[in-house]
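Asks: Quick one: structure below, then a few questions.
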Amino acid sequence: MNETTARSTQLLRQINSNALLRFALQEQVFTAGEAMAVTGLTRATVLGVCDGLVDAGWLEEVDDAPAAGSTYKGRPARRYQLREAAGVVVGLDAGETSFTATVADLRGRELGTRRQSVDSHALGRAGRGESARELIRLTLHDVGRDLDDVLLTVVGVPAPIDADGMSPEGEFWHLMNSGFASHLHGRVVVENDANLAAVAERAHEPSANQATLLTGERFGAGLIVDGRLLRGPRGGAGEMRFLDTLTAGKFVPDEGGADGFGALARKWARSRIHSYEGQTMLRQMPEGEINAEDVFQAAREGDPFAEDIIARLGARLARIAVVLSSLLDIERVVIAGGISLAIEPVLEHARSLLPTDTGLPLPELIASTFGAEVVVKGAIESALTQVKAEPNAFLPRAARS
């Protein structure tokens, strides 16, 4: 066998192995016949590949002893399943003020989650990296796994991320994108948090043209157009910098720049309550302690001051939705993040303000159902997608032992 033939044979084996592993990752127990039907491989090839994957630690053969009382005398079919110990994936939402780590098995079942508050500016880049490593270690320990079980960790950060995992220059972005690959065990992928939120929403309710607005303290968007996640050469797609430009230039009256809805609700309430002449329950608490949750709760109870803030947020969202829909032909705008569970009054007002005389379909405005977990769920989904796309690029624990 010459070198070219050998390389071709090796490539064919890898293609067949990846095809069968992708099938195994979405099945429970399967037979060679079932794998043949899906992959198009011959029986001999399937059995040979399965034996190789058993040796590599990906699969295990399942005992198929005949049931009691069975009169069937033929040779039982060989049955296989993915080894539970083959590995896990980790999703980490590495925000500015909190970290959330989730461990999931290769079928996407979440095994355990831990959260912790962080002071990123006190920790610095190295401290954020070490805190992330320790949080992941503890989460793995909770579910009886360790660092060597991790095939891939996907980290979501509030910063633009290019295709190489790098962020543009900027003190805040440099802090958020803290060089996690040098602190975490094994293979690590860093991604923008809003992009991961978009991944989670697309997996939950597929849409080829959708904007996921991750909002709380800050505002970012994960943009999916024609089924593809937009990134841009420096990772800046969806950074919503146009809001700062519109505000500064007075092209559109939009106070707040790229602040998120949570930050705006809090800031607007604190800055205006002293000059508000009407009655409001928010005056019962110290001005400096009013938060977004207080504003949303007061609005639900009919407080006119809080309702005015909700209306202003709705008007702002309507403008953003029109811009995104006009530029990108977005069909759906999803509001994601912890505030999404209380955002419906803002959505209702925004829907009422969308123009109906443009001749174009109006974008659907909906709230995410994932709450504060949307980024970490997107990180898990992204990790599993990468493992399934090319399983043999990852080594199960047994092959690394």
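Asks: Using only the alpha-carbon atoms, how far is helix 374-389 inclined from the longest principal axis of the chain? Give it as 0 to 90 degrees, nearest 10.
Replies: Around 30 degrees separate the two axes.
Asks: Roughly what angle does helix 261-272 make with the longest principal axis of the chain, taking Cα atoms, 0 to 90 degrees, to the nearest 10?
Replies: Here the helix axis deviates by roughly 20 degrees.
Asks: Largest first, what is the accessible-area ranking of Tyr80, Tyr276 with a 1.4 Å probe? Show your work: numbers first, answer last.
Replies: Numbers: Tyr80 0, Tyr276 65 Å².
Ranked list, largest accessible area first: Tyr276, Tyr80.
Asks: Now for a separate question. Rounded to the nearest 0.05, what FRET efficiency do Arg272 and Val29 give with R0 = 60 Å and r taken as the Cβ-Cβ distance? Could you check? Please report the intermediate quantities before stating the final value.
Replies: Numbers: r = 62 Å, r/R0 = 1.04.
With a Förster radius of 60 Å, E is 0.45.
Asks: Against the longest alpha carbon principal axis of the chain, how many degrees, from 0 to 90 and to the nearest 10, is the axis of helix 304-328 turned?
Replies: It is inclined by approximately 50 degrees.
Asks: Also, I was wondering about something else. Report relative contact order for the chain in percent, whole number only (criteria: Cα-Cα under 8 Å, sequence separation at least 6).
Replies: 16 percent
Asks: Relative contact order of the stretch 184-242, please, whole-number percent, based on alpha carbon pairs below 8 angstrom and at least 6 residues apart.
Replies: With pairs under 8 Å counted, the relative contact order is 27 percent.
Asks: Which value, in debye to the nearest 20, gives the size of the charge dipole of the chain about its Cα centre, when Lys and Arg are +1 and Asp and Glu are -1 at the Cβ? Don't jump to the answer; show the numbers that get you there.
Replies: Values: 41 positive and 54 negative charges, 214 e Å.
Here the chain has a charge dipole of around 1020 debye.
Asks: Please list the non-local residues whose amide H lies under 5 Å from the amide H of Thr369, H modeled 1.01 Å from N, same-chain partners needing a gap of 5 or more.
Replies: Correct list: empty.
Asks: With θ taken as phi - 60° and the coefficients 6.51, -1.76 and 1.60, list the Karplus ³J(HN,Hα) couplings across the stretch 165-175 in order, rounded to whole Hz; mark glycine and proline as x.
Replies: These are the phi-based 3J(HN,Hα) values: x, 9, 10, x, 5, x, 4, 5, 4, 5, 5 Hz.
Asks: I would also like to ask the following. Averaged across orientations, what area in nm² does the convex hull of the alpha carbons in the chain project?
Replies: One quarter of the hull surface, i.e. the mean projection, equals 27.8 nm².
Asks: In the stretch 133-214, carbon and sulfur make up what percent of the accessible area (probe 1.4 Å)?
Replies: Carbon plus sulfur share of accessible area: 50 percent.
Asks: What's the extension gain from Met281 to Asp329 if we count 0.36 nm per residue and subtract their Cα-Cα distance?
Replies: 13.1 nm
Asks: May I ask you to compute the full-extension gain from Val38 to Glu289, defined as 0.36 nm times their residue separation minus their alpha-carbon distance, rounded to one decimal in nm?
Replies: Taking Val38 through Glu289 to full extension adds about 84.4 nm, to one decimal.
Asks: Grab the Cα-Cα distance for Glu171 and Leu138, subtract it from 0.36 nm times how many residues apart they are, and report the gain in nm with one decimal.
Replies: 8.9 nm
Asks: With every protein chain left in place, what is the accessible area per residue of the chain in square angstrom, probe 1.4 Å?
Replies: Ligands and nucleic acids excluded, the result is 49 Å² per residue.
Asks: Rounded to the nearest 10 Å², what accessible area does Thr358 have for a 1.4 Å probe in the complete protein model?
Replies: 80 Å²
Asks: To continue, here is another question. Between Glu130 and Glu84, take the C-beta separation as r, use R0 = 41 Å, and let me know the FRET efficiency to the nearest 0.05.
Replies: Values: r = 30 Å, r/R0 = 0.73.
In this case the efficiency is close to 0.85.
The values are calculated or read from the model by the stated rules, or taken from the named source; none is laboratory data. These numbers were taken from a predicted model, which means no experiment stands behind them. Don't worry about glycine lacking a Cβ; one is built from the backbone with ideal geometry, like all the others, and counts go over all protein chains shown. With ligands, DNA and RNA removed, areas are computed over all heavy atoms of the protein, side chains included. Shrake-Rupley method; radii C 1.70, N 1.55, O 1.52, S 1.80 Å.
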